[in-house]
Amino acid sequence: MGDGGVVSGGAWEELPTVLTVACEGGGSVGVTMESQQVEVAAFSVDCPAGTAGVGSVTMEAGVVRPGSFSVAVDASTESLRWALTVTQPE
């Protein structure tokens, strides 16, 4: 709930990367992703009350560099609930 994010120890640069965020509660979230301290994605998701809002971005192979990455979620209110996934489909 509220502001937060995740940090990962690794990504593979030879696969595309998909970042998906879902949220609920009335408001919105701003999402940013950094790879090796460089911003690689930024978007916002509307978070309706009573149902889920979903936003996603797909980055081509090589955009997310090998090694650590982070995702930050900036919620418009502390009562917003959110979840995220980062996948690298083969």
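The values are calculated or read from the model by the stated rules, or taken from the named source; none is laboratory data. This one's a predicted model, so the numbers in the text were calculated from it and none came from an experiment. Backbone-built Cβ (ideal geometry, glycine too); neighbour counts: all protein chains shown. For the accessible areas, the whole protein counts, side chains as well, though only heavy atoms, and no ligand, DNA or RNA atoms are used. Shrake-Rupley method; radii C 1.70, N 1.55, O 1.52, S 1.80 Å.
Within region 9-48, track down each residue that is farther than 20 Å from residue 74 by Cβ and of a type in the set (Val, Ile, Thr). 17, 18 - these are the residues of region 9-48 that are farther than 20 Å from residue 74 by Cβ and of a type in the set (Val, Ile, Thr). Of the residues making up region 12-25, not a single one is among the small types (Gly, Ala, Ser) and loosely packed, with under 15 Cβ neighbours inside 10 Å.
Taken together, the residues in region 57-75 that are under 19 Å from residue 4 (Cα atoms) and open to solvent by less than 70 Å² (accessible area, probe 1.4 Å) amount to 8. Against the conditions (1) touching a Lys or Arg at 6+ places or on another chain (Cβ under 9 Å); (2) at pLDDT below 95; (3) part of a strand (DSSP E or B), residue 11 satisfies every one except (3). Within the set 29, 54, 45, the sole residue that is surrounded by 19 or more Cβ atoms within 10 Å (Cβ to Cβ), touching a strand residue (DSSP E or B) at 6+ places or on another chain (Cβ under 9 Å), without any contact (Cβ under 8 Å) to a residue 40 or more places away in the chain and closer than 20 Å to residue 2 by Cα turns out to be 45.
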